[in-house]
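Colleague: Please read through the structure below; I'll follow up with questions.
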Amino acid sequence: MVVVRDIHRLDSAVASCRACPRLVRWREKVAAEKKPQFEEQTYWGKAVPGFGPADAPMLIVGLAPAAHGANRTGRMFTGDRSGDVLFAALHAVGLASQPTATHIDDGLTLRGVRITAPVHCAPPDNTPTITERDHCRKWLDIELGLLKPTLRSVVVLGGFGWQSLLPVLASNGWAVPRPRPKFGHGTRVDMGTIRLFGCFHVSQRNTFTGRLTPTMVEDVLRAAGSHAGLL
Ligand code: SF4
């Protein structure tokens with residue numbers, strides 16, 4: 001059992017994790033080869049910690065870093081099309097200081113919101129294995145435990161995050177209903193001190209096809225922010 005006393009130490013521990021050989025090889029290969037448009041940049045190429053305040057009342061849970069997004073910038077959801085949608089929506093509802101997130105020093109701050117993922121390393125084809133997800137669960141477990149005193153709302157982007165999160169909530173003492181609630185956009189589940197909000201993932205597959213619109217994302221964020229006392 002890993003003992004981590006605060007979020008700052010957790011973030012450092014995550015960034016130096018090398019527990020999944022396939023993901024370590026992939027994230028470092030991508031970081032060495034780069035995309036032509038980012039050739040001048042030094043990729044992060046490590047596990048990407050959560051982003052946002054240590055006493056956040058609201059948490060957003062995604063899937064995993066993108067190869068040329070967070071694996072390049074070192075900050076969750078930053079620098080890719082999914083992040084463009086998410087940060088624009090966070091800014092529109094008053095939870096982010098700016099609508100864009102391009103690199104780690106761009107000045108973006110979140111108000112009462114932390115963003116994390118059940119898998120902290122970029123996976124090939126955006127698809128981690130179950131074993132990799134299970135390896136990474138320890139970090140989500142610790143993060144939820146550290147956030148527990150202040151946490152009130154959790155927005156889960158997509159079914160993978162939902163499935164990964166429920167057992168972690170249960171192991172941290174939240175009352176997860178039985179049978180376990182199914183993921184869906186607009187689903188809301190109360191679990192004692194927190195309310196869970198389901199939202200389709202802000203992936204290009206969803207946003208380019210119109211399955212998920214900016215208004216739909218903003219509506220979920222507004223409801224979660226309001227429940228958390230932020231709006
Ligand atoms: S996915 Fe998680 S457990 Fe695996 S190497 Fe990355 S940070 Fe470590």
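The values are calculated or read from the model by the stated rules, or taken from the named source; none is laboratory data. Everything numeric here is computed off the predicted structure, so don't read it as measured data. When we count neighbours, we look across all protein chains shown, and the Cβ atoms used for this are built from the backbone with ideal geometry, even at glycine. Side chains are part of the model used for accessible areas, which takes the heavy atoms of the whole protein and leaves out ligands, DNA and RNA. Shrake-Rupley method; radii C 1.70, N 1.55, O 1.52, S 1.80 Å.
Colleague: Looking at this structure, is Thr116 within 16 Å of the ligand (Cβ to nearest atom), within 19 Å of Val168 (Cα to Cα) and open to solvent by 10 Å² or more (accessible area, probe 1.4 Å)?
Modeller: Values: within 16 Å of the ligand (Cβ to nearest atom): yes; within 19 Å of Val168 (Cα to Cα): yes; open to solvent by 10 Å² or more (accessible area, probe 1.4 Å): no.
Spelling it out, it is not the case that Thr116 is within 16 Å of the ligand (Cβ to nearest atom), within 19 Å of Val168 (Cα to Cα) and open to solvent by 10 Å² or more (accessible area, probe 1.4 Å).
Colleague: Please identify the pairs in which a residue from region 37-58 that is in contact (Cβ under 8 Å) with a residue 40 or more places away in the chain and more than 16 Å from the ligand (Cβ to nearest atom) has its Cβ atom under 9 Å from the Cβ atom of a residue that is of a type in the set (Asp, Glu) and in a loop (DSSP other than H, G, I, E, B), counting only partners at least 6 apart or on another chain.
Modeller: That search, which allows pairs on different chains as well, returns Ala54/Asp6.
Colleague: Here is a further query. Cβ-Cβ under 8 Å, sequence separation 6+ or interchain: first residue in region 8-21 and outside any helix (DSSP H, G or I), partner open to solvent by 40 Å² or more (accessible area, probe 1.4 Å) and within 9 Å of the ligand (Cβ to nearest atom). Which pairs?
Modeller: Partner pairs satisfying both residue conditions: Ser16/Lys46; Ala19/His135; Cys20/His135.
Colleague: Based on what the data block shows, is Ser164 of a type in the set (Ser, Thr, Tyr), farther than 20 Å from Ser226 by Cβ and within 16 Å of the ligand (Cβ to nearest atom)? Break it down stepwise before answering.
Modeller: Working: of a type in the set (Ser, Thr, Tyr): yes; farther than 20 Å from Ser226 by Cβ: yes; within 16 Å of the ligand (Cβ to nearest atom): yes.
Yes: the conditions hold for Ser164.
Colleague: Something else: Just to be sure I understand, how many residues within region 191-211 are surrounded by fewer than 23 Cβ atoms within 10 Å (Cβ to Cβ) and more than 19 Å from Pro181 (Cβ to Cβ)?
Modeller: The qualifying residues number 9.
Colleague: Right, here's the next one. Listed residues Thr73, Thr102, Thr150; which is of a type in the set (Val, Ile, Thr), crowded, with 21+ Cβ neighbours inside 10 Å, more than 12 Å from the ligand (Cβ to nearest atom) and over 15 Å from His201 (Cβ atoms)? Walk me through how you get there before you give the answer.
Modeller: On the way: Thr102 fails: crowded, with 21+ Cβ neighbours inside 10 Å; Thr150 fails: crowded, with 21+ Cβ neighbours inside 10 Å.
On inspection, the qualifying residue turns out to be Thr73.
Colleague: Checking Arg27 against (1) within 22 Å of Phe160 (Cβ to Cβ); (2) open to solvent by less than 20 Å² (accessible area, probe 1.4 Å); (3) under 15 Å from the mean Cα position of the chain (by Cα), which single condition isn't satisfied?
Modeller: Unmet condition: (3).
Colleague: Keeping to region 35-65, report how many residues are surrounded by 16 or more Cβ atoms within 10 Å (Cβ to Cβ) and in a loop (DSSP other than H, G, I, E, B).
Modeller: We begin by selecting, within region 35-65, every residue surrounded by 16 or more Cβ atoms within 10 Å (Cβ to Cβ); these are 43-53, 56-65.
Now drop any that are not in a loop (DSSP other than H, G, I, E, B), which leaves 43-50, 52-53, 56-57, 62-65.
Summing the residues that are surrounded by 16 or more Cβ atoms within 10 Å (Cβ to Cβ) and in a loop (DSSP other than H, G, I, E, B) in region 35-65 gives 16.
Colleague: Shifting gears a bit: Does region 123-132 include one or more residues that are of a type in the set (A, V, I, L, M, F, W, C) and more than 13 Å from the ligand (Cβ to nearest atom)? Walk me through it before giving the result.
Modeller: Filtering region 123-132 down to residues of a type in the set (A, V, I, L, M, F, W, C) leaves 130.
Then keep just the ones that are more than 13 Å from the ligand (Cβ to nearest atom); that gives none.
Within region 123-132, not a single residue is of a type in the set (A, V, I, L, M, F, W, C) and more than 13 Å from the ligand (Cβ to nearest atom).
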